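A short worksheet on the structure shown next.
The values are calculated or read from the model by the stated rules, or taken from the named source; none is laboratory data. None of the values given here were measured: they were computed from a predicted structure. As a convention, Cβ positions derive from the backbone with ideal geometry for all residues, glycine included, and neighbour counts pool all protein chains shown.
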Ligand SMILES: Cc1ncc(COP(=O)(O)O)c(C=O)c1O
């Protein structure tokens, strides 16, 4: 019970709260009323969302350069009208929904996905292991410095809307895939605003409300969110060390006609395993037999942990089926801030996706694409840089875990950005709530499970700075001890009066 009360109000970061409240001092009346109004307005618009943790009174007073009494009075009014709640040890958090959430009948997704909370509202958790994002590669910094000379005059003379993407960049991506064993023409490539947009466009095309979509479990939460927001029913397929269980795939496709099968073969997100070539062949057999439409996501392919393989592990390279779409991204080898991804598929589907993309955004930024074009020449170099970085992050993390948490288990990843850790029979969600209080923000397993489950799994990214990863060890250990003590006290026999 104590634990439930401590669950799980990520305290917003200082910058975000300041920009949501400024300029709170304007207007008339006592200061505490002005602050109360500013807080109420930001909660009403959703800038501060239901479930968010607010800074302590002392901290907010310091941030806003005002007195603690002012903050206390404003919080008190909002508590009395059920906009805020506070509890000793858990701080103060927002209980009211925004006007729009109420209008749309949306439930607050309180901490459901620490990643989205972290990128939308920010967090000041000292050790943020909720995202596997990496800063820009040195190669990006160099290319940015030289950028003036890259911006091609002919491109700049055009109107700037290119729904398919810059021709030379499409060609560069096609050539890279062809070199890695996936023969591809320029016309088969669509440049997208990150792989995330590719997932959205493809889901819009194939997934209607009440459709059935098959996904691995666990899988990439960004895809779960897109698919479930289309109103589709997700059927999940468990995995072993080589990929999804093909028996289960066969069984499911006997009973339902899925609109889409989403897979992350190279490397699997979040576990970093690489689907074996035998398993890829078996999956291709089922895909051809059952005429399945496949979205394979190889966004993590350019963070290898072993020496870079000459050939990409992908389904598309093994089938003539016109219903396999492959998506990838420059976010991992170079930088997520470029927002450049791509889709490879049969020309007819690429044309249809480009039409849909044109309606969505007229085309991805040409500034980013010009830079990406320059970067493509250095893709192998970037993947090697990432490999070295991920390798040292992985060994820092696994050494730390082996030392501080010897009971935890994982499968050694072959690539990607995170370790998929098994906590025995512990609840990862409850553990993550305690870890957050100790200053480490983590994403528990259920976030990655499209149909539920994975309650004892935890995703820990290893692409953070090794120093940060090592510093997490003692904090996680202390959270683990507290979790175990709490669990023992919950399960201990009670005296019945
Ligand atoms: C498996 C997977 N697919 C897609 C994406 C989306 O990447 P982006 O939109 O940055 O290209 C990510 C990002 O983390 C990912 O891990």
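It is to be established whether one or more residues within the stretch 391-406 are within 16 Å of the ligand (Cβ to nearest atom), in a helix (DSSP H, G or I) and within 27 Å of residue 271 (Cα to Cα). So far as the stretch 391-406 goes, yes, one or more of its residues are within 16 Å of the ligand (Cβ to nearest atom), in a helix (DSSP H, G or I) and within 27 Å of residue 271 (Cα to Cα). Can you tell me how many residues in the stretch 407-452 are in contact with a helix residue (DSSP H, G or I) (Cβ under 7 Å, 6 or more places away or on another chain), away from the ligand (no atom under 14 Å from the Cβ) and part of a loop (DSSP other than H, G, I, E, B)? Result for the stretch 407-452: 6. Can you pull out the residues in the stretch 431-467 that are surrounded by fewer than 20 Cβ atoms within 10 Å (Cβ to Cβ) and within 17 Å of residue 407 (Cβ to Cβ)? Residues satisfying the conditions are 455, 456. In this structure, residue 387 does satisfy being surrounded by fewer than 24 Cβ atoms within 10 Å (Cβ to Cβ), in contact (Cβ under 8 Å) with a residue 40 or more places away in the chain and over 30 Å from residue 286 (Cα atoms).
Taking each residue of the stretch 326-346 that is within 15 Å of residue 164 (Cα to Cα) and without any contact (Cβ under 8 Å) to a residue 60 or more places away in the chain and looking for partners that are near the ligand (Cβ under 10 Å from one of its atoms) and assigned to a strand (DSSP E or B) with beta-carbon atoms closer than 6 Å, six or more apart or interchain, yields nothing. Any idea how many residues of the stretch 359-390 are more than 19 Å from residue 413 (Cα to Cα), in contact with a strand residue (DSSP E or B) (Cβ under 7 Å, 6 or more places away or on another chain) and assigned to a helix (DSSP H, G or I)? The total comes to 1.
Search the stretch 222-234 for residues being within 15 Å of residue 295 (Cα to Cα) and either touching a helix residue (DSSP H, G or I) at 6+ places or on another chain (Cβ under 7 Å) or assigned to a strand (DSSP E or B) (or both), and hand back the single one that is farthest from the ligand (Cβ to nearest atom). Among those that are within 15 Å of residue 295 (Cα to Cα) and either touching a helix residue (DSSP H, G or I) at 6+ places or on another chain (Cβ under 7 Å) or assigned to a strand (DSSP E or B) (or both), it is 234. Please verify whether residue 29 is at pLDDT below 70, over 25 Å from residue 439 (Cα atoms) and surrounded by fewer than 17 Cβ atoms within 10 Å (Cβ to Cβ), treating the condition exactly as stated. So residue 29 fails the test.
Quick check on residue 34: is it outside any loop (DSSP other than H, G, I, E, B), surrounded by fewer than 18 Cβ atoms within 10 Å (Cβ to Cβ) and over 29 Å from the mean Cα position of the chain (by Cα)? Criteria not met by residue 34. Can you name the residue in the stretch 328-355 that is assigned to a helix (DSSP H, G or I) and surrounded by 18 or more Cβ atoms within 10 Å (Cβ to Cβ) and is also nearest to the ligand (Cβ to nearest atom) among such residues? The selected residue is 336.
The set of residues in the stretch 293-310 being more than 16 Å from the ligand (Cβ to nearest atom) and either part of a strand (DSSP E or B) or more than 26 Å from the chain's Cα centre (by Cα) (or both) consists of 310 alone. Number of residues in the stretch 358-370 that are within 16 Å of the ligand (Cβ to nearest atom) and touching a helix residue (DSSP H, G or I) at 6+ places or on another chain (Cβ under 6 Å) equals 2.
The residue that is farthest from the ligand (Cβ to nearest atom), counting only those in the stretch 204-213 that are surrounded by fewer than 24 Cβ atoms within 10 Å (Cβ to Cβ) and closer than 25 Å to residue 454 by Cα, is 210.
The residues listed here are 295, 263; of these, the one that is within 30 Å of residue 129 (Cα to Cα), in contact with a helix residue (DSSP H, G or I) (Cβ under 6 Å, 6 or more places away or on another chain) and buried (at least 17 other Cβ atoms within 10 Å of the Cβ) is 295.
Table: residues versus (1) surrounded by 14 or more Cβ atoms within 10 Å (Cβ to Cβ); (2) within 20 Å of residue 448 (Cβ to Cβ); (3) modelled with pLDDT of 70 or more.
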{"site": "104", "(1), (2), (3)": "no, no, no"}
{"site": "111", "(1), (2), (3)": "yes, yes, no"}
{"site": "115", "(1), (2), (3)": "yes, yes, yes"}
{"site": "125", "(1), (2), (3)": "yes, yes, yes"}
{"site": "132", "(1), (2), (3)": "yes, yes, yes"}
{"site": "140", "(1), (2), (3)": "yes, no, yes"}
{"site": "153", "(1), (2), (3)": "no, no, no"}
{"site": "157", "(1), (2), (3)": "no, no, yes"}
{"site": "161", "(1), (2), (3)": "no, no, yes"}
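What about residue 280, is it within 16 Å of the ligand (Cβ to nearest atom) and buried (at least 22 other Cβ atoms within 10 Å of the Cβ)? Spelling it out, it is not the case that residue 280 is within 16 Å of the ligand (Cβ to nearest atom) and buried (at least 22 other Cβ atoms within 10 Å of the Cβ). Among what's in the stretch 238-260 and is surrounded by 22 or more Cβ atoms within 10 Å (Cβ to Cβ) and within 16 Å of the ligand (Cβ to nearest atom), pick the residue that is nearest to residue 327 (Cα to Cα). So the residue we want is 260.
When residue 325 is tested against the conditions (1) within 17 Å of residue 415 (Cβ to Cβ); (2) within 15 Å of the ligand (Cβ to nearest atom); (3) surrounded by 22 or more Cβ atoms within 10 Å (Cβ to Cβ), the lone failure is (1). For beta carbons closer than 7 Å, sequence separation of 6+ or different chains, a first residue in the stretch 237-265 that is more than 18 Å from residue 219 (Cα to Cα) and assigned to a loop (DSSP other than H, G, I, E, B) and a second that is modelled with pLDDT of 95 or more and away from the ligand (no atom under 16 Å from the Cβ), the qualifying pairs are 256/212; 256/235.
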